[in-house]
Amino acid sequence: MQERTSLTIVLAAGEGTRMRSSTPKVLHPVAGQSLLAHVLRAAPHGAGHALAVVVGPDHQAVCAEVKRIRPDAQTFVQRERLGTAHAVLAARAAIARGADDLLIVFGDTPLISEDTLQRMRAPLKDGAALTVLGFRAADPTGYGRLLLEGDRLVAIREQADASAAERAIALCNAGVMALDGRHALKILEKIGNANAKGEYYLPDAVAIVGELGLRASVIETGEDEVRGINTKAQLAEAEAVMQGKLRQAALDAGVTMIAPETVWLAADTTFGKDVTIEPFVVIGEGVTIADGAVIHAFSHIVQASIGKNASVGPYARLRPGTSLGEGARIGNFVEAKAATLEAGVKVNHLTYIGDTSIGANANIGAGTITCNYDGFAKHRTTIGAGAFVGSNSSLVAPVKIGSGAYIGSGSVITRDVPDNALAVERTAQTVREGWAARYREMKTRDRKPKS
Ligand code: UD1
Ligand code: MG
């Protein structure tokens, strides 16, 4: 049998005013990625699986994020915020294309898993017209309650419309819904706004399914997975839950962490075998760490790839575009950006390496600075294999240091240095024998009181 096709609609038209931020709510990050990115990544993808995102007016930044994560997605604008069912119908054109399964997910529930979304499609295959994702809330206040007759789901009651008895129900609507594509538009178009808020409520689809003589079902999940984010406090809670999961997954994958609770990971961090991460390390998005690498304490790494058996830190900062070859070493108080360090390169202390390529086994002395910026543009520094850059040198880009070349300590290098040459740029040292003794004697004599 052919696999069922799907359309996922993500609702991201939220104003997010309770975040007290000028950033749209769904663009706030959890584990190094926007709330929206997490949801978009959980949505079914590949051939036969379409994606639509409903955004509010003036949300170009949200559209740009959609494009970045899922270029195949179509965006629709909900001009007025008239409720969740109204928002879904903003994507009517996509629904009308008639996928087998329609999934509706909120853009502010970043912990939702791909697996749960797939589970919600299963009852549709068995003849249900609708599946709701339910969870047992520790405090159900504010959520829609699932009304069951026996094991049949008959309606969802919103908090504002619920009786006291209904408010006592702990089984709540997580907000994720799956609909049989053949009935979806018919059901959604029947939803009215005769309720306490005068909004078009998506949860009313459940009662309509009953009226049409069709069947609605519930899939349950844990509360952590469906945490919706409306405030900065909830954002921090979601981060904590997500970090807990990522640390556990890293430990399960064989990463050694001495104090996992102090290590921050991103959802897309990838690890090889026998990786060690010391305490108080922060890893942002886009980081890959190969076999045997060690990340020492207090390092901060974003969009970087760390080669086999490489060593980073303590107190190192790897910024976007850094790539470390096998066995490369980045030591304390070293910052690297847009830098490629081939195998065996050592940059052990107090150094800035930006817009730079360094050939294999080169040694960069303490306090070296690549001066990559002239106040207007960035320029590249190229350092050949096996070169030795003496401590406290400034390499003024654009500049090339040849393979095997030596740079004398304290040099300010502004011109290219050929392979295997020595470049020294500093005044010649002068030595005056006995000068210090004469100087001290003179100063002591001057201080004696005149007789
Ligand atoms: C909703 C559900 C409730 C459920 C809860 C789970 C409705 C009416 N209620 O309530 O049953 O228990 O989620 O968290 O659906 N949105 C739009 N356009 C609109 C309105 C909302 O795009 O016109 C988006 C929001 O950005 C948000 C989502 O839909 O991502 C949910 O809206 P929200 O106002 O947060 O609904 P809740 O009151 O939380
Ligand atoms: Mg909500």
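Within the stretch 223-234, being within 14 Å of ligand 1 (Cβ to nearest atom) and of a type outside the set (D, E, K, R) holds for 226, 228, 229, 230, 231, 234.
Restricted to the stretch 218-236, and to residues there that are of a type in the set (A, V, I, L, M, F, W, C) and touching a His at 6+ places or on another chain (Cβ under 9 Å), the residue that is nearest to ligand 2 (Cβ to nearest atom) is 229. With respect to the conditions (1) under 23 Å from residue 304 (Cα atoms); (2) open to solvent by 30 Å² or more (accessible area, probe 1.4 Å), residue 406 lacks only one, and its number is (1).
Residues checked against (1) open to solvent by 60 Å² or more (accessible area, probe 1.4 Å); (2) in contact (Cβ under 8 Å) with a residue 40 or more places away in the chain:
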{"position": "28", "(1), (2)": "no, yes"}
{"position": "35", "(1), (2)": "no, yes"}
{"position": "43", "(1), (2)": "no, yes"}
{"position": "46", "(1), (2)": "no, no"}
{"position": "51", "(1), (2)": "no, yes"}
{"position": "81", "(1), (2)": "yes, yes"}
{"position": "87", "(1), (2)": "no, yes"}
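Residue check: is residue 169 surrounded by fewer than 19 Cβ atoms within 10 Å (Cβ to Cβ) and within 12 Å of ligand 1 (Cβ to nearest atom)? Taking the combined requirement at face value, the residue satisfies it.
Scanning the stretch 380-387 turns up no residue that is without any contact (Cβ under 8 Å) to a residue 24 or more places away in the chain and not aromatic (Phe, Trp, Tyr).
Of the numbered criteria (1) open to solvent by less than 20 Å² (accessible area, probe 1.4 Å); (2) of a type in the set (Ser, Thr, Tyr); (3) outside the structural domain of residue 350 (by TED's automatic domain parsing), the one residue 444 fails is (1). Out of the stretch 270-289, which residues are touching an Asp or Glu at 6+ places or on another chain (Cβ under 8 Å), open to solvent by less than 40 Å² (accessible area, probe 1.4 Å) and over 22 Å from residue 354 (Cα atoms)? Residues satisfying the conditions are 272, 275. Taking the listed residues 252, 180, 204, 224, the one that is modelled with pLDDT under 95 and charged (D, E, K, R) is 224, with no other qualifying. Of the listed requirements (1) in contact (Cβ under 8 Å) with a residue 12 or more places away in the chain; (2) in contact with a strand residue (DSSP E or B) (Cβ under 9 Å, 6 or more places away or on another chain), residue 251 misses just one: (1). Screening 191, 156 for residues that are more than 30 Å from residue 268 (Cα to Cα), touching a helix residue (DSSP H, G or I) at 6+ places or on another chain (Cβ under 6 Å) and part of a loop (DSSP other than H, G, I, E, B) leaves exactly one candidate, 191.
Given the condition assigned by TED's automatic domain parsing to the domain that holds residue 273, under 35 Å from the mean Cα position of the chain (by Cα), within 16 Å of ligand 2 (Cβ to nearest atom) and open to solvent by less than 20 Å² (accessible area, probe 1.4 Å), answer yes or no: does some residue in the stretch 237-248 qualify? Scanning the stretch 237-248, I find at least one residue that is assigned by TED's automatic domain parsing to the domain that holds residue 273, under 35 Å from the mean Cα position of the chain (by Cα), within 16 Å of ligand 2 (Cβ to nearest atom) and open to solvent by less than 20 Å² (accessible area, probe 1.4 Å), so the answer is yes.
Residue 108 passes every criterion in (1) more than 15 Å from ligand 2 (Cβ to nearest atom); (2) open to solvent by 20 Å² or more (accessible area, probe 1.4 Å); (3) part of a loop (DSSP other than H, G, I, E, B); (4) touching a helix residue (DSSP H, G or I) at 6+ places or on another chain (Cβ under 9 Å) apart from (1). From the list 116, 75, 84, 131, exactly one residue is within 16 Å of ligand 2 (Cβ to nearest atom) and among the polar types (S, T, N, Q). Which is it? Step by step, each of 116, 75, 84, 131 is checked, and only 84 is within 16 Å of ligand 2 (Cβ to nearest atom) and among the polar types (S, T, N, Q). When the test is whether a residue is in contact (Cβ under 8 Å) with a residue 12 or more places away in the chain, open to solvent by less than 50 Å² (accessible area, probe 1.4 Å), in a loop (DSSP other than H, G, I, E, B) and more than 11 Å from ligand 1 (Cβ to nearest atom), residue 128 passes it. Across the stretch 249-269, which residue is farthest from residue 35 (Cα to Cα) among those that are open to solvent by 60 Å² or more (accessible area, probe 1.4 Å) and outside any loop (DSSP other than H, G, I, E, B)? Going through the qualifying residues, I end up with 256.
When the residues of the stretch 138-182 are narrowed to those that are within 27 Å of residue 122 (Cα to Cα) and among the β-branched types (Val, Ile, Thr), which ends up farthest from ligand 2 (Cβ to nearest atom)? Checked the stretch 138-182; the qualifying residue farthest from ligand 2 (Cβ to nearest atom) is 154.
Taken over the stretch 388-406, the criterion of being over 13 Å from residue 354 (Cα atoms) and either touching a residue at least 24 places away in the same chain (Cβ under 8 Å) or not in a strand (DSSP E or B) (or both) is satisfied by 388, 389, 390, 391, 392, 393, 402, 403, 404, 405.
Each residue in the stretch 420-438 was checked for being at pLDDT 95 or above and open to solvent by less than 100 Å² (accessible area, probe 1.4 Å), and 7 of them qualify. Just to be sure, is residue 374 of a type in the set (Asp, Glu) and under 26 Å from residue 287 (Cβ atoms)? No: the conditions fail for residue 374.
Taking the stretch 160-179 as the region of interest, how many residues are free of Cβ contacts under 8 Å to residues at least 60 places away in the same chain and within 21 Å of residue 105 (Cβ to Cβ)?
3
Among the residues that make up the stretch 203-218, is at least one of them within 16 Å of ligand 1 (Cβ to nearest atom), in the same structural domain as residue 12 (by TED's automatic domain parsing) and part of a strand (DSSP E or B)? Looking through the stretch 203-218, at least one residue is within 16 Å of ligand 1 (Cβ to nearest atom), in the same structural domain as residue 12 (by TED's automatic domain parsing) and part of a strand (DSSP E or B).
The values are calculated or read from the model by the stated rules, or taken from the named source; none is laboratory data. What you see is a predicted model; the values in this text were computed from it and never measured. Cβ coordinates were reconstructed from backbone atoms using ideal geometry, including for glycine residues, and neighbour counts include every protein chain displayed. What goes into the accessible areas is simple: the full protein's heavy atoms, side chains included, and nothing from ligands, DNA or RNA. Shrake-Rupley method; radii C 1.70, N 1.55, O 1.52, S 1.80 Å.
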